[in-house]
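Report on the structure given below.
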Amino acid sequence: MYNGNFPRLFWILLIVFIAYLFGISLYEHHMLYISPDLFTREHHGFIGVTIIAGLAEELVFRGFFMNRLLDRYSFMTANIIQSILFLGIHFPIYFADHLSLMGWLNNGFTVLPLGLIFGWIFYRSKNLWPSTILHCVWDSMMFIL
């Protein structure tokens, strides 16, 4: 599942993700703002939240679920199912963070498309590295900015 296949789409998505997240940071803070508590934020370490979580989620949702679902369903159906499961694993975080209804909707409308994108890039590349890197970059940027 891990090989050297990095399609051009991966590089485009990587640039889009980074540009989007920097743009959001600039819009929200009117400057580039980097969180001062990178390694202590809510008693979670930067590495654990951004790297290990992304790697583990990609192994489970794209590496395991997506592969199993593709044995039984079309790509579109398999991708939708694994994305919904991916969204579901994030619900406990929303409870723990005491999010409002708008927070739930905002996160839901972010996590579900990300799951679809990660599933699509995994399917296109037949490689977990592109989706894992994109996932870790997204998590890292969300944590840092």
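List of remarks:
- Dividing the summed helix terms, -39500 (n - 2.57) for each DSSP H run of n ≥ 4, by the number of residues in the chain produces a 222 nm estimate of -22000 deg cm²/dmol to the nearest 500.
- For the chain, convex hull volume per residue from C-alpha positions, Å³: 113 Å³
- The length gained on full extension between VAL60 and THR77, counted as 0.36 nm times the residue separation minus their Cα-Cα distance, comes to 4.4 nm.
- Where the chain is the region considered: accessible area per residue in Å², 1.4 Å probe: 60 Å²
- Charge dipole magnitude, Cβ of K and R +1, D and E -1 - the chain, Cα centre, debye nearest 20: 580 debye
- Stokes-Einstein D (µm²/s) once Rh is taken as the Kirkwood radius of segment 63-123 over alpha-carbon pairs, at 20 °C in 1.002 mPa s: 178 µm²/s
- Summed side-chain charge close to MET66 - residues other than MET66 whose Cβ falls under 14 Å, Lys, Arg +1, Asp, Glu -1: +2
- For the pair ASN5 and PHE91, the difference between a 0.36 nm per residue extended length and the Cα-Cα distance amounts to 27.7 nm.
- Exposure here means at most 16 other Cβ atoms within 10 Å; with chymotrypsin sites (Phe, Trp or Tyr not before Pro) in a DSSP loop as sites, the longest stretch of the chain lacking them is 74-145.
The values are calculated or read from the model by the stated rules, or taken from the named source; none is laboratory data. All values derive from a computational prediction rather than experimental measurement. Every residue, glycine among them, receives a Cβ derived from its backbone with ideal geometry; neighbour counts consider all protein chains shown. With ligands, DNA and RNA removed, areas are computed over all heavy atoms of the protein, side chains included. Shrake-Rupley method; radii C 1.70, N 1.55, O 1.52, S 1.80 Å.
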